[in-house]
Amino acid sequence: MSRPPHLCTCGQIVPHGARCPCQIKRTRARNKRHDANRPRAAQRGYGHAWRKARAAFLATHDRCAWPGCFAQATIVDHVIPHRGDMGLFWDRGNWQPLCKHHHDMHKQRQERRT
């Protein structure tokens, strides 16, 4: 059984599970404002030294650390979010290999809750 459409705040009827074009536009505008104030990746520590350390780490830790996942790891994730703390950023004991799926979906959702 399919669920009924809903009424957006702009007055459009939107199918269940879909987003209204006005919602997409608002999200893009909010993300653009956020990104305008955010330092570049290199300024946050993700420069040449990080890329080199990341490649070395993934060479020895090539599988996703997420329980039950054995996919190829492509991302070095910080177990405890460093939030600009360079000591925690470079602490290899705080690194874990993750596949893109688990990093982008599950890990990010966990971090938003804290």
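In the chain, taking the dipole from charged Cβ atoms about the Cα centre, the farthest positive-side position among His34, Pro81, Pro97 is held by His34.
Among the protein heavy atoms, those of Lys25 account for about 150 Å² of accessible surface (1.4 Å probe, every chain in place). Taking a straight Cα-Cα cut-off under 27 Å and skipping sequence neighbours fewer than 8 places away in the same chain, the lysines within cross-link reach of Lys32 are Lys100, Lys107.
Arg19 sits with roughly 120 Å² accessible to a 1.4 Å probe, with DNA, RNA and ligands left out of the calculation. Over the chain, dividing the summed -39,500 (n - 2.57) contributions of all DSSP H runs of at least 4 residues by the number of residues returns a 222 nm mean residue ellipticity of -10500 deg cm²/dmol.
The H on the amide N of Ala73, modeled in the peptide plane, is under 5 Å from the matching H of Arg63, Cys64, each at least 5 residues off or on a different chain. Pairs of Cα atoms nearer than 8 Å and 6+ residues apart set the relative contact order; for the range 1-78 it is 13 percent. Projected label points at Ala49 and His61, each 7 Å from Cα along the beta carbon direction, are separated by 1.9 nanometres. Every Cα-Cα pair in the range 1-106 was counted, and those over 15 Å apart are 74% of them.
Among His101, His48, what's the order by accessible area (1.4 angstrom probe), most exposed first?
Ranking His101, His48 by accessible area, largest first, yields His48, His101.
May I ask you to give the percent of accessible area on the chain that is carbon plus sulfur, with a probe radius of 1.4 Å? That fraction is 56 percent. Close amide H partners of Trp95, meaning residues 5 or more places away or on another chain with modelled amide H under 5 Å apart, are Val79. Summary value for the range 42-114: 29 percent relative contact order, contacts being C-alpha pairs under 8 angstrom separated by 6+ residues.
The values are calculated or read from the model by the stated rules, or taken from the named source; none is laboratory data. These numbers were taken from a predicted model, which means no experiment stands behind them. Virtual Cβ from ideal backbone geometry, glycine too; neighbours counted across all protein chains shown. SASA here: full protein model, heavy atoms, side chains in, ligands and nucleic acids out. Shrake-Rupley method; radii C 1.70, N 1.55, O 1.52, S 1.80 Å.
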